[in-house]
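Trainee: A single structure is presented below for examination.
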Amino acid sequence: MFFFSRIGNTWELMGASWDLLKKDKELLFFPVFSSICCLLVSATFLLPFYMINENLVPPAQEAPVQEQVIYYGVLFLFYVANYFVMTYFNAAVIGAAVKRMMGKNPTLGDGFKFANRRLPQIFGWAIVSATVGLILRLIEDRSEKVGAIVAGLLGTVWTLTSFLVIPILVVEGIGPIQSLTKSTKMLKQTWGEQLVSNFSFGVIFFFLNIPSLILLIGGFFLIAAKEMFVLGVTLIAVGIVLLLLLGIIQSCLQSIFQAALYVFARQGHIEGTGFHDGLMRNSVMHR
């Protein structure tokens, strides 16, 4: 029953986020910029390893300490760079969405202004997120099965606890640790102790992505069977475009919802949007 309640609540939250996105379609550019920059960051880190034929798998526990330090040190820097890019453009969407929820008309430039004003805080949060990400990765690498379970559980708790951090950074301009503390406090004050999310954009978009996956599988099958090569390539191209488009929309809707959850936790209601009180109250539940 909880699963179906979660799906229904997520669908309604997506609808409310979509209604806001339709008023500010230019927000879709931010996930596009984020994806491009993340690809550039990945290329910056991966190309040197590729050129020197270095193995990118984590070193074994019995490997020399120096080898492990270098690997996890580079991985940490990679995390910092990626988190900075993602947080920056996420902050731009959230800042613009909060402005819309306050009854104003944001522009693409407003999003950049919100993010640019908080560069120190964004960089600080990137370091905090990278540290947590590295710790979870270390746990996972040290024990393949148990580590993956423990890392997954800790990651779920971290995701919910830190869910309001970026809106707090953007609107209030306080540091990352203060924002994390305030995020936890606002969630508890609004929804109580022992919380669990009643939303899962990933599940909904998994089902929405099924047609794209079918196109990709069909295209590869036609190419592998050496029949209708052109049709196979076309199906793969359409499938990839649909996957990318849905990924951009999902990222934007999730950022808008983050902004909505923050505004609701801060002032107890959101006027002039589909984020009604009952919907927002049900978005986070007791265990």
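The values are calculated or read from the model by the stated rules, or taken from the named source; none is laboratory data. Everything numeric here is computed off the predicted structure, so don't read it as measured data. As a convention, Cβ positions derive from the backbone with ideal geometry for all residues, glycine included, and neighbour counts pool all protein chains shown.
Trainee: Can you tell me which of (1) surrounded by 17 or more Cβ atoms within 10 Å (Cβ to Cβ); (2) of a type in the set (Val, Ile, Thr); (3) farther than 30 Å from Gly103 by Cα is the one Val203 doesn't meet?
Mentor: Condition not satisfied by Val203: (1).
Trainee: Looking at region 96-120, which of its residues are in a helix (DSSP H, G or I) and within 17 Å of Glu271 (Cα to Cα)?
Mentor: Initially, region 96-120 is screened for residues in a helix (DSSP H, G or I), giving 96-101, 108-117, 119-120.
Ala96, Ala97, Val98, Lys99, Arg100, Met101 - these are the residues of region 96-120 that are in a helix (DSSP H, G or I) and within 17 Å of Glu271 (Cα to Cα).
Trainee: List the number of the failed condition for Val93; all other conditions in (1) buried (at least 17 other Cβ atoms within 10 Å of the Cβ); (2) at pLDDT 95 or above; (3) over 16 Å from the mean Cα position of the chain (by Cα) hold.
Mentor: Val93 satisfies all of (1) buried (at least 17 other Cβ atoms within 10 Å of the Cβ); (2) at pLDDT 95 or above; (3) over 16 Å from the mean Cα position of the chain (by Cα) except (3).
Trainee: I'd like the full set of residues that are hydroxyl-bearing (Ser, Thr, Tyr), touching a residue at least 12 places away in the same chain (Cβ under 8 Å) and surrounded by fewer than 15 Cβ atoms within 10 Å (Cβ to Cβ), limited to region 112-145. Before the answer, list the steps.
Mentor: Pass one, region 112-145, residues hydroxyl-bearing (Ser, Thr, Tyr): 129, 131, 143.
Filter once more, keeping what is touching a residue at least 12 places away in the same chain (Cβ under 8 Å): 129, 131.
Within region 112-145, Thr131 is the sole residue that qualifies.
Trainee: Select from region 159-178 the residues that are part of a helix (DSSP H, G or I), in contact with a Gly (Cβ under 9 Å, 6 or more places away or on another chain) and surrounded by 14 or more Cβ atoms within 10 Å (Cβ to Cβ) and list them in ascending order.
Mentor: Step one: of region 159-178, the residues part of a helix (DSSP H, G or I) are 159-161, 165-172, 176-178.
Within this subset, residues satisfying the condition of being in contact with a Gly (Cβ under 9 Å, 6 or more places away or on another chain) are 167, 169-171, 176-177.
Listed by number, the residues that qualify are Pro167, Leu169, Val170, Val171, Pro176.
Trainee: How about region 261-272: which of its residues are surrounded by fewer than 19 Cβ atoms within 10 Å (Cβ to Cβ) and either closer than 18 Å to Leu164 by Cα or not charged (D, E, K, R) (or both)?
Mentor: Taking region 261-272 first, the residues surrounded by fewer than 19 Cβ atoms within 10 Å (Cβ to Cβ) are 266-269, 271-272.
Selection gives Arg266, Gln267, Gly268, His269, Gly272.
Trainee: I would also like to ask the following. I want to confirm something. Restricting to region 179-214 and keeping residues that are of a type in the set (S, T, N, Q) and part of a helix (DSSP H, G or I), which single residue is modelled with the lowest pLDDT? Talk me through it step by step, then tell me what you get.
Mentor: Start the filter on region 179-214 by keeping residues that are of a type in the set (S, T, N, Q), which leaves 179, 181, 183-184, 189-190, 194, 197-198, 200, 209, 212.
Imposing the further condition that a residue be part of a helix (DSSP H, G or I) reduces the set to 179, 181, 183-184, 189-190, 212.
Numbers: Ser179: 93, Thr181: 92, Ser183: 90, Thr184: 88, Gln189: 85, Thr190: 81, Ser212: 94.
So, considering only residues that are of a type in the set (S, T, N, Q) and part of a helix (DSSP H, G or I), the one modelled with the lowest pLDDT is Thr190.
Trainee: Between Ile240, Ile223, which is crowded, with 16+ Cβ neighbours inside 10 Å and not hydroxyl-bearing (Ser, Thr, Tyr)?
Mentor: So the residue among Ile240, Ile223 that is crowded, with 16+ Cβ neighbours inside 10 Å and not hydroxyl-bearing (Ser, Thr, Tyr) is Ile223.
Trainee: Could you tell me whether Leu246 is touching a residue at least 40 places away in the same chain (Cβ under 8 Å) and not hydroxyl-bearing (Ser, Thr, Tyr)?
Mentor: Working: touching a residue at least 40 places away in the same chain (Cβ under 8 Å): yes; not hydroxyl-bearing (Ser, Thr, Tyr): yes.
Considered against the rule, which asks whether it is touching a residue at least 40 places away in the same chain (Cβ under 8 Å) and not hydroxyl-bearing (Ser, Thr, Tyr), Leu246 comes out as yes.
Trainee: Is it true that Ala43 is more than 18 Å from the chain's Cα centre (by Cα) and modelled with pLDDT under 80? Reasoning before the result, please.
Mentor: Values: more than 18 Å from the chain's Cα centre (by Cα): yes; modelled with pLDDT under 80: no.
So Ala43 does not fit the description; no.
Trainee: Go over the candidates Ala91, Ala148 one by one and state the one that is part of a helix (DSSP H, G or I) and closer than 24 Å to Gln267 by Cβ.
Mentor: Numbers: Ala148 fails: closer than 24 Å to Gln267 by Cβ.
Of the residues listed, the single one that is part of a helix (DSSP H, G or I) and closer than 24 Å to Gln267 by Cβ is Ala91.
Trainee: Moving to a separate point now. Go through (1) assigned to a loop (DSSP other than H, G, I, E, B); (2) touching a residue at least 40 places away in the same chain (Cβ under 8 Å); (3) at negative phi and name the single condition Gly272 misses.
Mentor: The failed condition is (3).
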